[in-house]
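**Student:** Structure provided below as structure tokens; questions to follow.
The values are calculated or read from the model by the stated rules, or taken from the named source; none is laboratory data. Computed from a predicted structure; not experimentally measured. We place every Cβ from the backbone using ideal geometry, glycine too, and count neighbours over all the protein chains shown.
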């Protein structure tokens, strides 16, 4: 709904307004998708705005309508990616569960996020250093929240005696690094079932922390 400027009453957006809004979303989505494909293959430094607009079949002014710069586009891609990971991990967390089950659930959520967008993970790990300190801090703050959640569960498991005594921070970072590395080799070819892979990884993560018999 919007306010009519002359009467002050609320009116529904017309079909043309809706169509224009949809077109804007589609164009921005095309730019993001094309940029992701190019940056994954070539790297941020070897992907130019000219490359992006040519592949997207749009003009430079169209690019600048949606993104202030190539760096702005990269920032938005990485912020969105890490935001989805943080949200997925948070939503999967159930503090009422025993630590092994809780950690298993977190691990599964994280793995699915990596498997959903291995292209963005490649860009994140390789090209994030192109961001300035302020932009990078916003993204790494999200990353730290994910690490902290895993660390908290590991601490709880050690405290309850169900996990062996390890450095919780090192363990959390090692586990996340193991799962994040999936992006470097996983391809959605159909011969590796995502569900089976996620199950295998979450089993490995929990087993690595259980007391040695």
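**Student:** Just a yes or no: is a residue in segment 74-81 within 28 Å of residue 159 (Cβ to Cβ) and assigned by TED's automatic domain parsing to the domain that holds residue 185?
**Tutor:** no
**Student:** Within 30 Å of residue 44 (Cα to Cα) and buried (at least 18 other Cβ atoms within 10 Å of the Cβ): is that true of residue 178 in this structure?
**Tutor:** no
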